[in-house]
Amino acid sequence: MDDILPKTRTGAVAEMRLNRPARGNALSLELIDRLRQAAEELATDEGVHVIVIGAEGPVFSAGHDLKEITQARTGPDGGRAFFERAMEACSDMMQTLVRCPKPVIASVQGVATAAGCQLVASYDLAVASSDAGFATPGVKIGLFCSTPMVALSRNVGRKPAMEMSLTGETISAERAQTLGLVNRVVEPGRLAAATAELASRIASKSPATLKIGKEAFYTQLEMPLGEAYAHTARVMVEDLLDRDSREGIEAFIAKRAPVWQPLPEAAEAGLK
């Protein structure tokens with residue numbers, strides 16, 4: 001069985017789903033690699049403006065595959081080489097999602113724990129079912145969720161991130177929304193429709209503008225205030241010179257629908 005269901009397309013929205021329900025969609029090394037590859041493939045697809053990632057079964061993702069980790073301990077190095085490879089691959093995959101020029105939306109049902117919570121935090125947006133839960137529970141088994149903490153602490157405040165990391169307790173979808181980990185919480189039967197509605201709304205925008213905006217957002221986050229303003233001012237100048245900016249403004253003044261250009265440079269969008 002493929003770890004990721006084949007990508008489906010609805011207009012300019014592509015959706016894929018984690019497909020290891022019997023293992024709680026645990027992030028095996030193979031699944032991590034498949035997620036990275038899928039994100040890279042969709043990044044270069046001109047017809048895709050937005051990516052949605054969901055999951056099969058009652059759990060969104062239980063984090064790293066602990067059985068795989070336990071098996072690696074039987075090696076002559078006690079698992080060190082595998083652990084280093086797995087952590088590097090997971091960190092690279094998470095950053096690939098951030099660098100992807102297309103907005104990525106999580107559609108979350110059930111629980112998202114440890115690296116599964118990290119996955120949600122690494123997406124640009126998240127829609128969650130009201131019965132979803134989020135946790136970084138590694139501390140409970142003697143394995144502090146250090147890498148999940150990187151993405152988590154960039155989504156929620158410092159103290160909530162520390163509380164989640166130090167206690168390992170699960171927070172509700174409503175609490176996750178309050179903290180900024182998810183954007184919207186909907187009834188379980190509404191999850192697919194609500195995610196599709198949000199994705200469709202974003203996909204109707206200029207793909208060039210979405211790429212420019214997403215890249216600028218993550219770049220300025222790491223800058224001091226003055227540098228952030230200087231950088232985004234330069235970005236806005238280049239954006240104003242872009243064909244889609246001219247088209248969008250002219251369409252707004254003329255009260256007509258804009259006609260956006262495709263994104264031919266997607267293959268060079270910083271995924272290297």
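The values are calculated or read from the model by the stated rules, or taken from the named source; none is laboratory data. Being a predicted model, the structure only gives us computed values, none of them experimental. Neighbour counts run over all protein chains shown; Cβ positions are idealised from the backbone, glycine included. What goes into the accessible areas is simple: the full protein's heavy atoms, side chains included, and nothing from ligands, DNA or RNA. Shrake-Rupley method; radii C 1.70, N 1.55, O 1.52, S 1.80 Å.
What to note about this one:
- Enumeration of residues in the stretch 211-232 that are farther than 20 Å from ASN155 by Cβ and either touching a residue at least 60 places away in the same chain (Cβ under 8 Å) or touching a Cys at 6+ places or on another chain (Cβ under 7 Å) (or both): LYS211
- Here ALA199 does not qualify as at pLDDT 95 or above, among the small types (Gly, Ala, Ser), at negative phi and in contact with a Phe, Trp or Tyr (Cβ under 6 Å, 6 or more places away or on another chain).
- Any hit, the stretch 113-120, residues being in a helix (DSSP H, G or I) and farther than 24 Å from ALA14 by Cα: no
- Each residue in the stretch 108-134 was checked for being in contact with a Gly (Cβ under 7 Å, 6 or more places away or on another chain) and open to solvent by less than 10 Å² (accessible area, probe 1.4 Å), and 3 of them qualify.
- Verdict on VAL59 being open to solvent by 20 Å² or more (accessible area, probe 1.4 Å) and in contact with a Ser or Thr (Cβ under 8 Å, 6 or more places away or on another chain): no
- Condition met for GLU163 (acidic (Asp, Glu), open to solvent by 70 Å² or more (accessible area, probe 1.4 Å), in a helix (DSSP H, G or I) and modelled with pLDDT of 95 or more): yes
- Tally, over the stretch 13-29, of residues that are within 23 Å of SER91 (Cβ to Cβ) and not in a strand (DSSP E or B): 8
- Taken over the stretch 135-158, the criterion of being hydrophobic (A, V, I, L, M, F, W, C), surrounded by 15 or more Cβ atoms within 10 Å (Cβ to Cβ) and part of a helix (DSSP H, G or I) is satisfied by VAL139, MET149, VAL150, ALA151, LEU152.
- Members of the stretch 60-93 that are among the polar types (S, T, N, Q), under 22 Å from ALA38 (Cα atoms) and either in contact with a Gly (Cβ under 9 Å, 6 or more places away or on another chain) or at pLDDT below 95 (or both): SER61
- Flag for VAL235 being outside any helix (DSSP H, G or I), open to solvent by less than 90 Å² (accessible area, probe 1.4 Å) and either of a type in the set (Val, Ile, Thr) or touching a residue at least 24 places away in the same chain (Cβ under 8 Å) (or both): no
- Residue in the stretch 65-87 that is crowded, with 22+ Cβ neighbours inside 10 Å and over 27 Å from GLY213 (Cβ atoms) present: yes
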